[in-house]
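Every number here is computed from the coordinates shown, using simple stated rules; none is lab data. Treat the numbers as computed from the prediction; the structure is a model and nothing was measured.
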Amino acid sequence: MDNNQNTQDNYSYQTNEAPQNSGYNQYPAGQQDPVTFGQWMLTILLTMIPVVNLIMLIVWAVSSDTQPSKQNWAKAQLVWVIIGIVLSIIFSAALAVVFAGVVSMFQ
């Protein structure tokens with residue numbers, strides 16, 4: 001019974017204290033704090049401004065000072081911007097060909 005008593009005394013719930021190594025609200029070693037709500041608000045505001053958005057996305061994507069979550073988000077946004085530009089060029093070229101065909105029919 002003595003051995004059982006010693007085992008129970010080792011558990012923190014027996015003493016009504018929080019466990020010392022619970023892991024709640026702690027980040028793994030080397031991990032930065034998450035991007036705050038205010039930082040996201042400013043980030044999204046800056047990405048709404050033409051030209052500034054591209055510059056800032058590039059800065060956030062390549063900067064070593066940027067938090068990893070924001071850096072990955074900026075990289076993903078840049079990929080979507082590139083996809084949008086490529087699709088715009090393709091659709092513009094297709095529309096130009098159709099328009100040229102229509103104009104040539106009426107001449």
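Quick notes on this one:
- Kirkwood-Stokes translational diffusion coefficient of the stretch 29-105, alpha-carbon pairs, 25 °C, 0.890 mPa s, µm²/s: 165 µm²/s
- Whole-Hz Karplus values for the stretch 37-46 come out as 4, x, 5, 5, 4, 5, 4, 5, 4, 5 Hz, taken residue by residue from phi with 6.51 cos²θ - 1.76 cosθ + 1.60 and θ = phi - 60°; glycine and proline positions read x.
- Karplus-derived 3J(HN,Hα), 6.51/-1.76/1.60, for each residue of the stretch 55-71, Hz, glycine and proline x: 4, 5, 4, 5, 4, 5, 6, 9, 6, 7, 7, 7, 4, x, 5, 5, 5
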